[in-house]
1. Quote the charge dipole size of the protein assembly as shown about the Cα centre in Debye, to the nearest 20; the model charges only the Cβ of Lys and Arg (+1) and of Asp and Glu (-1).
2. In nm, what is the difference between 0.36 nm times the number of residues separating C:LEU17 and C:ILE270 and their Cα-Cα distance?
3. Residue by residue through region A:238-249, what is 3J(HN,Hα) from phi via Karplus (6.51 cos²θ - 1.76 cosθ + 1.60, θ = phi - 60°)? Round to whole Hz and write x for glycine and proline.
4. Could you tell me which of the pairs B:LYS147/C:LYS279; B:LYS116/C:LYS278; B:LYS73/B:LYS207; B:LYS138/B:LYS207; B:LYS3/B:LYS194; A:LYS107/C:LYS278 are separated by over 23 angstrom between their Cα atoms in the structure shown?
5. Could you compute the net charge surrounding A:PRO117? Neighbours are other residues with a C-beta less than 12 Å from the C-beta of A:PRO117; K and R count +1, D and E count -1.
6. Top mean-square fluctuation among A:GLY183, A:GLY225, A:GLY87, Gaussian network model of chain A, C-alpha springs under 10 Å?
7. Quick check: net charge around B:LYS3, other residues with Cβ under 11 Å of its Cβ, Lys/Arg +1 and Asp/Glu -1?
8. Run the Debye formula on the Cα coordinates of region B:5-246, all scatterers equal and no solvent, and tell me log10 I(q)/I(0) at q = 0.16 1/Å.
Amino acid sequence: MHRRISEYIIESLIRLSGFLVIAFVFLIFLFLLRDSLSLFKEYKIGEFLFGRNWLPISEPPKFGIVPLFLGSIYVTAGAIVICVPVGIAAAMFIAEVAPTFLKNILKSLIEILAAIPSVVLGFIGIVWLSPYLKQTMGLSTGMCGLTGSLLLAFMALPTIISISEDALVGVPRAYKEAAFGLGATRWQALWRIVLPAASPGIIAGVMLGIGRVIGETMVVMMVTGNSPVVPTSILQPLRTLTATIAGEMGETVSGSEHYFALFAVGLVLFIITFIINFIADSCLRRARK
Amino acid sequence: MVKETVIKTVNLNCRYGALQVLKDLNLEIHRNEIFGIIGPANSGKTTFLRALNRLNFLNASYSQDGEIFFADKNLKNICDNILRKRIGIIFALPQVLPVSIYNNIAYGPKVHGIAKKDAIEQIVEESLKKASLWDEVKDRLDSPAMKLSGGQQQRLCIARTLAVEPDVILYDEHCSGLDPISTAKIEDAMQQLKETYTQILVTNNTKQAARVSERCAFFLMGELIELDETAALFTEPKDKRTDDYITGRFG
Amino acid sequence: MTTARMREKIAFFVLGLITLLVVIPILMIIFYIVKNSIGSISWEFITQSPRNGMKEGGIFPAIVGTIVLIIGTMLFSLPLGVLSAVYLVEYARDNFFTRLIKLSVVNLSGIPSIVYGLFGFTLFVLFLKLGTSILAGSLTLAIMSLPVIITATKEALESVPLSFREISLSLGATKWQTVRYCVLPYAIPGILTGTVLSLSRAAGETAPILFTVAAFYLPRLPRSLFDQVMALPYHLYVISTQVPNIPVSISFATCFVLIGLVFLMNLVSIILRSHYRKKKLW
């Protein structure tokens, strides 16, 4: 009898844990929504979404997220342009070209890169990359979108490379052998057969990489110059959605309009990453079939 | 002498998804007999065995209707774990856990609440003796079970089942992967177990069924074609299909 | 040589060059940090508190803080993560609830770390009134670490042969006994590997602890779960951006210790993985 009871308790705990995982996602969404709605009671949602000025401490304050949103878009776009082709090319090299010993070394290096904390890359950006860019490109400041893009591209590489590599390796051998049978070279088979066949997996990797880039906070806060104006060029200082929350949260009074505005920014981020991950997950699911 | 019925099925139908594997099965199995079931692949033999201890339900697509009685109790009213303690099964390939010989056998008694070390030691020894394995392994009970030969592993599985003191033992083509000498040893063990246990043997080796079993059933495409004393079934089968199968003219 | 062969050579060469483009900066960064910090790493730096507005002394409280947070995170996320994975693999039927859990795991893994910080702040710090504390920070990091632990545990459980479960059930063991004695023991290596990996990530995170636990400057050790602590990643952020005139050697040394800790944990996870792979019996 005693055993029956303890078994009942543990099985209830197991079910509860499963339930808690769902509960956390809902709680995160609910808490963000609750505080965001407090903002929209006093501040028009249209002005929040389409306002071109983020001036939280002016009188009256303005909470237009367009400059922050564009800041995120600029930095993310810059990072994508760099990391997608580089990541896919590296994945192709690791999956199809490199001999086994080199493959193992490369994979370990990619794992090391994945392990580097973002604050460390931010630090490297401050002491090394931004002065270097400022000097070689003759910029007025090295603390700009480009520095952020470069570092973020670097951060997204492990995700893109490892998932793309899995997708490439997962393409059935028969596809390649059929191509060889028709007299194709290894490159032709890779480019025309393997790469298209692996594309759902690669797209998923790219989407997850983009999700990481948009959500990354410390690097952009440390190196992009923190200037919440509508950016016109990636070579200017700018500020992202994430950096705004991290940078301003400490200065707000909880319960103030500004405080609620930061939660609204958080909600926007939550929704964006939710969509991106949803797409990535459906791609992965399709790739597995 | 009226024989006591241990297991009885009434209009048993088993399905995986839409696929019907057993059709309207009615049969009775008597206490302390060795009951053989023969038939070609996909005739529902294994599904029948696994219906008796409800292992089929591990597969989510499985469903069944009809009744199964074990010692006059409907299977639906017996807890899975109590049922499976009383009806043990030996699988087709020797399935040992990657632990020592001793711990493979001690696992069952332990989950049923026996905690005393000397009690478990005694069970291990007795079970191994009954499965005719004791003399071969008594000096190395702590070595990994996976290092034993296939035949020894299968006898270990029998000992492991005996350790939880079942009433019925199901054998699911348990000699299919073994050489003739190992098979002979296991068949010897089965004969010795006859006094205490009811044994149900599924095999696609008709000679084995003829050697070991007392009564025998022939399954085909999910249906019970013929059931008789083993000697009668093999010498003068009443159904043409049984005759074809046992003389090797089938499929 | 045909043009096709020529093209293949060029293409593979270019792929190799691009891969170098990925690899070289990694090596450069590691080399750069080691070179600039090796002179400033000393026993005193690791074992002393910061002095003189963090311009002198060591980073001992930050190291302790990060270790405390790692342990706190593990205490919450390991049982929760393992149990939910057990639910998914061993108990769940394929229904709406199960699909919802799987979708939730996917989404938890994609939520930006700063959003975890916001959430931890409203739920744990304010709503549950835990204050800015070790407890609030650990809970926040624990929720963030859940997806990795769940995914790793799921894979580990799925790799345990189905036959082990059948053996146990056929001997009359209950469902939980089967999971407890015949499945979990064989999944432990995979669970450990995934846990250490996710904790190493938690150790390096800054955004989730910004408003939930991290102290700007607190040169003493924590006395209770409701204390704030300094943490290595936050400390690196503070001294490299928030406080002027910190000698860059201190920043580099802090960076070195943080990376060292994270790499050490990764190394442990790799060693665990290869050790158990060799011992694998089935």
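FYI, it's all coordinate maths here, none of it is from the lab. These numbers were taken from a predicted model, which means no experiment stands behind them. Note that each Cβ is placed from the backbone with ideal geometry, even for glycine, and that neighbours are counted across all protein chains shown.
1. Approximately 1100 debye in magnitude.
2. Answer, rounded to one decimal: 88.3 nm.
3. Running phi through 6.51 cos²θ - 1.76 cosθ + 1.60 with θ = phi - 60° gives 8, 9, 9, 4, 5, 5, 5, 4, 4, x, 9, 4 Hz.
4. Beyond 23 Å: B:LYS116/C:LYS278; B:LYS73/B:LYS207; B:LYS138/B:LYS207.
5. Summing Lys and Arg as +1 and Asp and Glu as -1 gives -1.
6. A:GLY183
7. -2
8. Debye output, listed in q order: -1.17.
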